[in-house]
Number of protein chains: 2
Amino acid sequence: MQFGHIEGIKVGDTFESRKELADAGVHAPLMAGIWGAQEGAYSIVLSGGYEDDIDELNYILYTGQGGQDAPGGKQIADQTFSKGNKGLQLSCQYNLPVRVSRGHQIKNGPQFGYRYDGLYYVESYERIIGQRGFYICRFHLQSEDSINQLENKLKPSLKSSYERTIRATSTISRLKRNVKISENIKTLYDYKCQVCGVRLNSPSGPIAIGAHIKGLGQPHNGPDAIENMLCLCPNHHDQFDYYSYYIESDNFEIIGLEDFKSKKLNIHPRHKIDIEFLNYHKKKYFENNSLK
Amino acid sequence: MQFGHIEGIKVGDTFESRKELADAGVHAPLMAGIWGAQEGAYSIVLSGGYEDDIDELNYILYTGQGGQDAPGGKQIADQTFSKGNKGLQLSCQYNLPVRVSRGHQIKNGPQFGYRYDGLYYVESYERIIGQRGFYICRFHLQSEDSINQLENKLKPSLKSSYERTIRATSTISRLKRNVKISENIKTLYDYKCQVCGVRLNSPSGPIAIGAHIKGLGQPHNGPDAIENMLCLCPNHHDQFDYYSYYIESDNFEIIGLEDFKSKKLNIHPRHKIDIEFLNYHKKKYFENNSLK
């Protein structure tokens, strides 16, 4: 039970079977897609079986486990954040690396057997109604490698049908985000949260977050611009990102927080928010809260 | 102006002079130790000059710039979080990698010239009274490599006098922290903050942080145990880590927060806090708030 790379195993190494993958220490369970629960997920295997999955090589939308009538079968019950799903949720919260292996069954998998594709981080997760009408837990994973690096490492065993998706190249990486814009919005609001008005002082300066309304990375691909940002305290930032509330775009009312009923977002006259992004976030709020 | 590794430059590569280091794109300024300000710090060079610095190869305690009578001279004025110091503060807040190069002047430097030692992350920062009685900004940097990996990469050019410090090996890495303990304390308090009592709900579960009183990593090296932990909301976690307040160890009073004057920390009967750790944090609070 170890997080991170396994000594002696390189990204791109292939294995004949799940048994071989397990013997190598990459992924111990022979059937389950997720290894690890109560202290985070050590690894996952992608081998098809969930109709809601997306695989763009360096970005994966991964459906959690449970609620199927048979492995790889139909969704017939709700999923919860338990077992492996709990593991992936913890991996996100504690920012732990997850080993990813792909099987030959899927388009980005190897020609034969299973391939170790390196470390990914769970950027976010959600629990929404899937295509079959039941709750599914979904995890957004991003490779620690860029799409170019990953393609280079996996090239020998990628199928001839492999084709880079266009969306994958549009990701703004963490390293390319504009720190200045984020600092500007904090200064504009004097580090006061637009939801609750709190200004968190510390001896090395006030604490606030320049938060993106439509997230920067996949799957959202929102722009890194002040029209897409809010100045929030860490509490209301976390709750915003996990869809505890949304902002009504026609009157900027805060909806979903008990303590802020009928309250409106504080907006500086020089801060123009693009309501397109508020509406995007609202749509995600409804998905995550299973409302119509 | 680029974050991260420079294409074609390997960790351990050496350069004859600051000029060569600049031409390679590793660190542009020929004199200043920090490159980058308003959007984070791209790189730093360690070449001595600050008596408060600590260098354990994979961990660096780095004193910021400013306030010296001459480069490498005596501290004669306060430092502030401006220019390069602002850069390193932003690198911490936005979790951006900082390129580190070492000069031949220091014990862990190369035998000659300057050496590129790879990417480090600013884990925390503080502004305290230094040895000369003036404010200095200090940054705690941790290599993305383990001490073993780093020694291997740098071996050819390490001086014969290089000796691994004992403290460096005692670091608990992020990957070894016990997620279960942290989850246990959140469950014990039902995700309610021990300072303010708030329970932040979200559709995928309540949000709280299992926070270490004496930090896990360097320089604190606190234990990963429930006696050294608190259950806090993100706001009070950030303020705790940045010494906006402390907990008085004899009566558990919260000191330093306007809104919680004469209030006490909520403590569950089954949660034994070791006051040694509270006293350590209190000492750091006084250092960071420059009180005796």
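Readers should treat all values here as calculations from the given coordinates under stated rules, not as data from a laboratory. Here the structure is a predicted model, which is why all the values come from computation and not from measurement. In this analysis, Cβ positions are derived from the backbone assuming ideal geometry, glycine residues included, and neighbour counts consider all displayed protein chains.
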Within the stretch A:14-170, how many Lys pairs that are eight or more residues apart, or on different chains, come under 26 Å at the alpha-carbon? 13
Please work out which residue of chain B brings its Cβ closest to the axis of the rotation superposing B onto A, and round that distance to whole Å. B:Pro234, 2
Stokes-Einstein D (µm²/s) once Rh is taken as the Kirkwood radius of chain A over alpha-carbon pairs, at 37 °C in 0.692 mPa s: 160 µm²/s
Give the residue list of chymotrypsin sites (Phe, Trp or Tyr not before Pro) in the stretch B:96-166 that are DSSP loop and have at most 13 other beta-carbon atoms within 10 angstrom. B:Phe112
Could you give me the ³J(HN,Hα) list for the stretch B:245-251, computed from phi with Karplus coefficients 6.51, -1.76, 1.60 and θ = phi - 60°, whole Hz, x at Gly and Pro? 7, 9, 10, 5, 6, 7, 10
For the stretch A:96-171 versus the stretch A:243-292, the gap between their alpha-carbon centres in whole angstrom: 32 Å
Rounded, prolate or oblate: which one fits the stretch A:211-292, using the alpha carbon gyration tensor with axes a ≥ b ≥ c (rounded when a/c is under 1.5, else prolate when a/b beats b/c, else oblate)? rounded
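With only alpha-carbon atoms in the gyration tensor, what are the semi-axes of the equivalent ellipsoid for the stretch A:14-170, in Å, largest first?
Here the semi-axes work out to 23, 17, 16 Å.
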Using alpha carbon centers only, the stretch B:203-237 is separated from the stretch A:1-32 by a whole-angstrom value of 32 Å
Can you give the Rg to Rh ratio of the protein assembly as shown, both from alpha-carbon atoms, with Rh computed by the Kirkwood formula? 0.96
Tell me the relative contact order for chain B as a rounded percent, counting alpha carbon contacts under 8 Å between residues six or more apart. 14 percent
Tilt of helix A:275-288 relative to the longest C-alpha principal axis of chain A, in degrees (0 to 90, nearest 10)? 50 degrees
Could you compute Rg(Cα) / (2.2 N^0.38 Å) for the stretch B:118-267, with N its residue count? 1.27
Which loop GluC sites (Glu not before Pro) in the stretch A:235-289, with loop taken from DSSP, have no more than 16 other Cβ atoms within 10 angstrom of their Cβ? A:Glu248
Considering only the label points, 7 Å along Cα→Cβ from Cα, what distances in nm to one decimal separate B:Lys155 from the same position in each other copy, shortest first? 2.9
Run the label-point distances for B:Met31 please: 7 Å along Cα to Cβ, every other copy, nanometres, shortest first. 7.1
Using the Karplus curve 6.51 cos²θ - 1.76 cosθ + 1.60 with θ = phi - 60°, work out ³J(HN,Hα) for each residue of the stretch B:204-211 in order, rounded to whole Hz, and write x for Gly and Pro. 9, x, x, 10, 7, 10, x, 9
What are the nm distances, shortest first, from A:Asn251 to its equivalents in the other copies, labels at 7 Å along Cα→Cβ? 4.7
Any idea what angle helix A:83-93 forms with the longest principal axis of chain A, computed on alpha-carbon atoms, 0 to 90 degrees, nearest 10? 50 degrees
Using only the alpha-carbon atoms, how far is helix A:179-188 inclined from the longest principal axis of chain A? Give it as 0 to 90 degrees, nearest 10. 30 degrees
Non-local residues with an amide H under 5 Å from the amide H of A:Glu123, with H modelled 1.01 Å from N and Pro and chain starts lacking one, are A:His140, A:Leu141, A:Gln142
In nm, spacing of pseudo-spin labels at A:Asp23 and B:Ala32 (7 Å Cα→C-beta vector): 5.7 nm
Taking θ as phi - 60°, what are the ³J(HN,Hα) couplings along the stretch B:221-235 by the Karplus curve (6.51, -1.76, 1.60), each to the nearest whole Hz, with x for Gly and Pro? 6, x, x, 8, 9, 5, 5, 10, 9, 10, 9, 10, 6, x, 4
